[in-house]
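Worksheet: the structure to be examined is printed underneath.
The values are calculated or read from the model by the stated rules, or taken from the named source; none is laboratory data. Source: prediction; values computed, not measured. Reconstructed Cβ throughout: ideal geometry from the backbone, glycine too, with neighbour counts over all protein chains shown. The area values use the complete protein model at the heavy-atom level, side chains included, leaving out ligands, DNA and RNA. Shrake-Rupley method; radii C 1.70, N 1.55, O 1.52, S 1.80 Å.
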Amino acid sequence: MNSSLYSDKSNSVISPATVVSEGNRLSASRLRRIREQLLGYLFLAPSLAVFLLFLFYPMVRSVYLSFQLTDPRGRVAAYAGWDNYTQMLESSAFWSSLWITVQFTLLTVPAGLALGLLCASLVHSAGRGNKLFRFIFSMPLAISVGTASILWMILYHPSLGMLNYLLGQIGMEPVQWLTDPGTALGSVSLMTIWMNSGFPFVLLLAAIQGLDNDIMDSSRIDGASSWRTFFSIKLPLLSPTLFFLAVVSIMNAFQSFGQINILTRGGPAGSTDVLVYSIYREAFVNYQFGTGSALAIVLFVLMLLLTAVQFLVLGKKVRYQ
């Protein structure tokens with residue numbers, strides 16, 4: 001009895017060779033895992049270098065310059081503290097630019113999303129000529145901001161433009177699209193809506209094509225009209241895509257610069273002087289890099305707060321399948 005017990009215990013004892021073998025196996029596994037992580041970081045290194053050079057360093061530099069006074073060459077001349085921020089908040093030009101930016105966003109974002117959704121729905125339900133309409137509606141996505149701005153500048157020309165020509169054909173007076181303070185912001189917004197319509201169209205068309213057709217067929221069998229099916233079933237199912245597009249579109253609207261710089265240069269009479277153009281003017285025209293950096297930081301904070309509000313308010317209404 002005792003010998004059998006002793007033999008069982010002796011059989012359960014792990015030999016030193018087994019311990020060494022198990023330790024070597026764990027060390028090899030750990031080394032392989034470290035090697036894989038290092039290889040992953042090696043592949044990420046070019047992207048990380050680009051982010052550090054063109055995103056994080058300029059951001060840190062902007063924060064530093066926003067507390068400084070600089071000379072025309074961009075060199076720090078004196079420490080300003082919070083003076084750049086207080087002067088900016090006390091300036092009526094800042095609040096005017098902020099209000100113009102909000103107006104521009106309200107004019108372009110809802111209309112751009114609605115246009116993309118309308119075009120995507122029409123193309124999805126179209127039979128013949130479907131590929132042609134896809135090409136036409138997605139074409140703005142392939143056109144640069146500079147090219148689109150030149151095209152619309154020609155369309156807006158007061159005497160040679162196609163828009164005033166069409167107005168003349170129906171007996172209306174020509175419109176000073178880009179030189180009248182009352183129409184300049186709307187004209188730039190119209191061009192921006194068309195220019196940005198390609199991206200929402202492509203994403204919404206893909207989202208519509210990915211919807212479950214059984215749900216649509218069931219609603220038709222139950223007697224729901226096309227409008228009821230669209231607003232009660234299709235639109236809630238598209239809410240994740242619409243929410244993503246809303247966040248991205250608002251961020252793009254607050255950063256719009258190219259079309260404004262080419263079409264109006266912030267004019268006439270400051271009617272299109274959005275925040276980004278104010279940053280450009282302060283930093284690269286007036287050479288006030290401290291004030292321009294302060295404006296850039298305020299714009300970043302505003303965009304961050306807007307994005308957070310959208311996630312808190314609109315994010316709760318998104319319905320995922």
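The table for this structure:
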quantity: Pairwise centroid distance, computed over Cα atoms, of the range 36-106 with the range 129-187, Å; calculated: 34 Å
quantity: Alpha-carbon centroid distance for the pair the range 222-280 / the range 282-297, whole angstrom; calculated: 27 Å
quantity: Ranked packing of 237-247, 186-196, most packed first, by mean Cβ within 10 Å; calculated: 186-196, 237-247
quantity: Placed amide H near residue 68: partners under 5 Å, 5+ positions off or other chain; calculated: 80
quantity: Extended-chain gain in nm, criterion 0.36 nm per residue less alpha-carbon gap, residue 83 and residue 39; calculated: 11.1 nm
quantity: Global geometry of the chain, whether rounded, prolate or oblate, following the gyration tensor of its Cα atoms and the 1.5 cut on a/c; calculated: oblate
quantity: Per-residue ³J(HN,Hα) for the range 152-169, Karplus 6.51 cos²θ - 1.76 cosθ + 1.60, θ = phi - 60°, Hz, x for Gly and Pro; calculated: 6, 5, 5, 5, 8, 4, x, 10, 9, x, 5, 5, 5, 5, 5, 5, x, 5
quantity: Assigned charges on the beta-carbon of Lys, Arg, Asp, Glu; the chain dipole about Cα centre (debye); calculated: 900 debye
quantity: Residue-normalised accessible area of the range 85-320, expressed per residue, 1.4 Å probe, Å²; calculated: 55 Å²
quantity: Pairwise label distance in nanometres, residue 176 with residue 226, each label 7 Å out on the Cα-Cβ vector; calculated: 4.5 nm
quantity: Per-selection metrics, the range 37-125 (Cα): Rg and Dmax in Å; calculated: 21.8, 64
quantity: Full-extension gain in nm, residue 114 to residue 319, via 0.36 nm per residue minus C-alpha separation; calculated: 71.9 nm
quantity: Ellipticity estimate at 222 nm from DSSP helix runs (n ≥ 4, -39,500 (n - 2.57)) divided over the chain, nearest 500; calculated: -21500 deg cm²/dmol
quantity: Gained length - residue 71 relative to residue 154, 0.36 nm times residue gap less alpha-carbon distance; calculated: 26.0 nm
